[in-house]
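**Student:** Sharing a structure here in structure tokens format.
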Amino acid sequence: MNDVQKRAWEAYSERWLVERDQLSPAHPGRAAGLAAPDSLPDSSLIGIDQMTLFGRVAPLVVEIGPGMGDATAAMALVRPEINLLAIEVYKPGIAQTFSHLARLGVTNVRVLRADAAEVMRNVVIPDSLAELWLFFPDPWRKRKHHKRRIVTPEFADLVASRLQPGGSWYLATDWEHYARQMLKVVSSCEALSNPHAAAGGWAPRAPFRPETRFEKRGLGAERAIFDLHVVRR
Ligand SMILES: C[S@@+](CC[C@H](N)C(=O)[O-])C[C@H]1O[C@@H](n2cnc3c(N)ncnc32)[C@H](O)[C@@H]1O
């Protein structure tokens, strides 16, 4: 981490960071982010206790991979009505996200340091998310790495199961090959419907989504940006 990130990590971790083991039933501080197991539909799932994490209950949105957090902070600012749980593995990115949150005075975000796919599977309970955001996920450009891409039919089924009926999954990428894979995957998922299907499937930019660093880089390289918005049936 650079000096700015180190300082942000030290200053803000207590306020905004959630570690994966804080969500584990094995953790001594069960109160940290844990819903009472008997209130869950499936007791093997941990659940996100919004009162503990955010101090309030609000429509819960998960963002996978906020990266450096510039867009995350801007989006949380224009969506004050949501509780945003941003899940990221990259520590310098999390620290940088803290500094953006502090700069904009954002209060409705917590950053969970964890593998988002694992959290979606083992923590987030079914029918619980108002929205899922996946903006500019790692494109894994080389053919031999395509299997590492997060958007797969199995992942789409998982997302659909975690969204509330009527809940939205927003995706964007600047990598056309991945975009076409995403469109195919979400279109084949029976639990999801695409309100833009009749117009080719691509969505307009989500109204709350600003241009990100990755997007600017893509546009700079004259790549198109592909947005998708699908809804849990
Ligand atoms: C290309 S960046 C995009 C950042 C941001 N969404 C943006 O648009 O600027 C993708 C981010 O996803 C994170 N990431 C990749 N796989 C992840 C996973 N399984 N769980 C959590 N974060 C992940 C990476 O660490 C990286 O920061």
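**Student:** Assess whether Phe136 counts as being on the phi > 0 side of the Ramachandran plot and within 14 Å of the ligand (Cβ to nearest atom). If you could, list the steps in order and put the result at the bottom.
**Tutor:** Values: on the phi > 0 side of the Ramachandran plot: yes; within 14 Å of the ligand (Cβ to nearest atom): yes.
Considered against the rule, which asks whether it is on the phi > 0 side of the Ramachandran plot and within 14 Å of the ligand (Cβ to nearest atom), Phe136 comes out as yes.
**Student:** Identify, please: which residue in segment 54-68 is in contact with an Asp or Glu (Cβ under 9 Å, 6 or more places away or on another chain) and in a loop (DSSP other than H, G, I, E, B) and is, among those, farthest from the ligand (Cβ to nearest atom)?
**Tutor:** The selected residue is Ala58.
**Student:** Just checking, how many residues over segment 178-209 are in a helix (DSSP H, G or I) and closer than 23 Å to Lys147 by Cα?
**Tutor:** Here is the first cut: in segment 178-209, the ones in a helix (DSSP H, G or I) are 178-188, 197-199.
In the following step, the residues that additionally are closer than 23 Å to Lys147 by Cα were identified as 178-188.
The qualifying residues number 11.
**Student:** Can we say Arg141 is outside any helix (DSSP H, G or I), in contact with a helix residue (DSSP H, G or I) (Cβ under 9 Å, 6 or more places away or on another chain) and among the basic types (Lys, Arg)?
**Tutor:** The answer is yes for Arg141.
**Student:** Would you be able to tell me the number of residues in segment 109-138 that are of a type in the set (Ser, Thr, Tyr) and within 12 Å of the chain's Cα centre (by Cα)?
**Tutor:** Residues flagged as of a type in the set (Ser, Thr, Tyr) and within 12 Å of the chain's Cα centre (by Cα) within segment 109-138 amount to 0.
**Student:** Right, something else. Taking segment 70-128 as the search range and keeping residues that are in a loop (DSSP other than H, G, I, E, B) and within 10 Å of the ligand (Cβ to nearest atom), which one is farthest from Arg56 (Cα to Cα)?
**Tutor:** Tyr90
**Student:** For Ala86, only one of the following conditions fails: (1) surrounded by fewer than 21 Cβ atoms within 10 Å (Cβ to Cβ); (2) touching an Asp or Glu at 6+ places or on another chain (Cβ under 8 Å); (3) not β-branched (Val, Ile, Thr). What is its number?
**Tutor:** (1)
None of the figures in this text is laboratory data; all of them are computed from the coordinates on show. The model shown is predicted, which means the values in this text are computed figures rather than measured ones. FYI the Cβ positions are ideal-geometry reconstructions off the backbone, even for glycines, and counts take in every protein chain you see.
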